[in-house]
Amino acid sequence: MAKYTSDSKEKVRDAVDMVDLVGQRTELKKTGGASYMGRCPFHEERSGSFSVEASKKVYHCFGCGVSGDCFSFVQELEGLDFKGSMEFLASRYNVELELEDEDPDAARRRLARERLLELLERTAAFYVRYLWESSEARRAREYLEQRGLGEEVLRRFRVGYSPKAWDKVLLASRKAGFSNRECYDAGLAKRAQGEGRIFDAFRGRVMFPLCDRRGRVLGFGARTLSSQDGPKYLNSNDSAVYHKGLHLFGADLARSAAAKAGEVVLCEGYTDVIALHQAGLTNTVGQMGTALTPDQVAELSRLAPTVHMALDADEAGQKAMLKAASVARGRGVTLRVVELPRGKDPADVVADEELGGAEGMRARVAASLPFVTFRVRRALDLGRLDSAEGKDQVIAELRPVFAELPAGALREELTRLVAERIDEKPTLVSGWLSEGSAAAARAPVEAPRRTADGPRPAERPGGPRRRAFSDTAAETERAFLAAVTALPQAGTTELERLDLDLAFTTDLHRRAARQLLAHPGDPTAGLDPEDHDLSALAAELQVRAADMGGSGAVLEAEARKVELAMVDRMIAHGRASGTGGIAELAQRRQALQAAQHRALERAMAETARED
């Protein structure tokens, strides 16, 4: 696999606006200099403990301990590897990446894929022009207008129209220098059965570009305007660049709004997504014409922790929601259901003022139901409640649903709902629903933290690392290393006084100390991007250094604290092994305590003067 040069990495890092990047996920407030603070996007919190050092492009959460730089931030929240994070940031901040020497076969594959992506982008632009400039597309424009969709939002989604001619795209692509084979590989052309002739894959249809999270066109969804022109919708077939079920429609446009809201709205149809964006619900995405897949759930979890399912209010839509819940189970997303009028889709609601229009649709999303409430209501609506046997069947169906519900107000509310609908006493119904399960008495458990479809961040290669320990020694050592980072010259002197193998209790801290000796004041310099633990710690040290400031007294106090902890371990070992030397160590300990006390007094005096 091709790798980008070190210079490319540094160019990307230099170009990144860290406040802009992090600000897409959480609101930041300046706290002084190049320091900013906000709520952590990696864990739920009420007050901000997430610190960003804009000039150094690093972050650290004082609450959950997660740390990293601009690359690890993108890796975690976008679900990318390091190479993908570089490409994401390079695209966002207009940096041209340079590749190291790569295998000729790999280079050919990469260039071939880049050609296909370029062809798809050109074709998307061609379809857009054809929609707005050709007389042939008049019916398409009228259809979109009837759906209540304006030109501005349609252009934002790059909606277009494919000509009815058999080879319009082929001829335009050839003229631009692309081959028939490339058109075929990009999914823009099909081959006639029994002969070698190829023709345009999409003809006489409204075209919806299907993009990845970076906004690159991978394929198309195509809607017919006539029932005589084949299936209502055609999607691109799987190709070298497009794979069905991997992406969400509109995710590239919804990402920022979803992150800020902490919520994402999920629809079925392309026009539903566009209509909701036009209505102000810019955190809306679509399923791309498929049943929800695990990969799409992973995409949803990267967008936001709460998903409002605004699927069509028919039997197929309700079954789709049940299927979605099954796929999403245990994947770190909370599902809610948006109630829609029977037989209507979200675009219908937005377009019809009698149904509430845009404001009404926003209100419906705000009033969405917990998924478990939807499941209970659906079972009651479909059940035969006019007989004892029918009631027992409904209770049996709902028993596993209630088994997952912790004790609380929601469980009691749903128990009363079931009791009312089957006309039985709530106490009896509660017992029936709990039969064979002790789950009703369970305390609520913490929901999985929002992650991609994979290990939690502490386990995922390349993601920000949660602190794996919280013992006193580890915290003492990190505070000292942060003070060394804040005062590089004096800090180097303090490090050189120590036996690093004895002074630090973990190999990670020893490696960090050696990194600081090699790169005073800049622990991130020259790091191997694959050394995720050291990279995360280096970022944390820079944030903590900026927070504590450059105080020689603080540095000395932290250094003596580390030495004291080391001497205490040596005394404990001497006593356990009977090797002696305890008296000398005790004297050394006494001297270190006195030195630490003097340094703390100076640090307190400095603070008083600043105040």
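Laboratory data are not the source of any read-out in this text; all were calculated from the coordinates shown. Just so we're clear, the structure is a prediction, and the values are computed from it rather than from any experiment. Here the Cβ positions follow ideal geometry from the backbone for every residue, glycine too, while neighbour counts run over all protein chains shown.
Taking each residue as 0.36 nm, the span from Arg329 to Lys232 lengthens on full extension beyond its C-alpha to C-alpha distance by 31.8 nm.
Once C-alpha pairs closer than 8 Å and six or more residues apart are averaged by separation and normalised to the residue number of region 61-164, the relative contact order reads 20 percent.
In percent, rounded to a whole number, the relative contact order of the chain is 11, using alpha-carbon pairs under 8 Å and six or more apart.
What is the calculated FRET efficiency for Arg129 to Ala366, with r their C-beta to C-beta distance and R₀ = 56 Å, to the nearest 0.05?
0.90
Taking a point 7 Å out from the Cα of Arg155 in the direction of its Cβ, none of the residues of region 197-227 has a backbone N less than 14 Å from it. With the cut-off at under 20 Å, measuring from each backbone N in region 202-224 to a point 7 Å along the Cα-to-Cβ line of Tyr184 picks out 202-203, 219-220. Beta-bridge orientation, the chain: approximately 75 percent antiparallel, per DSSP, counting only bridges with both partners inside. Dividing the helix sum by the residues of the chain, where each DSSP H run of 4 or more adds -39500 (n - 2.57), gives a mean residue ellipticity at 222 nm of -16500 deg cm²/dmol. Short-range pairs are left out: with C-alpha atoms under 8 Å and at least six residues apart, the relative contact order of region 374-441 is 36 percent. Using R₀ = 60 Å, calculate the FRET efficiency as 1/(1 + (r/R₀)^6) where r is the Cβ-Cβ separation of Ala165 and Thr373; round to 0.05. Efficiency, from the Cβ-Cβ distance: 0.70.
Taking label points 7 Å from Cα along the Cα-to-Cβ direction, Ala34 and Arg384 give a separation of 7.3 nm. Placing pseudo-labels 7 Å out from each Cα toward the beta carbon at Glu412 and Glu601 gives an inter-label distance of 6.0 nm. With Cα atoms defining each centre, region 483-545 and region 387-417 are spaced 56 Å apart in the structure. A simple packing score, the average count of other Cβ atoms within 10 Å per residue, orders the peptides 263-270, 141-148, 102-109 as 263-270, 141-148, 102-109, with the highest score first. Multiplying the residue separation of Arg174 and Arg569 by 0.36 nm and subtracting their alpha-carbon distance yields 134.7 nm.
Multiplying the residue separation of Glu353 and Gln587 by 0.36 nm and subtracting their alpha-carbon distance yields 75.8 nm.
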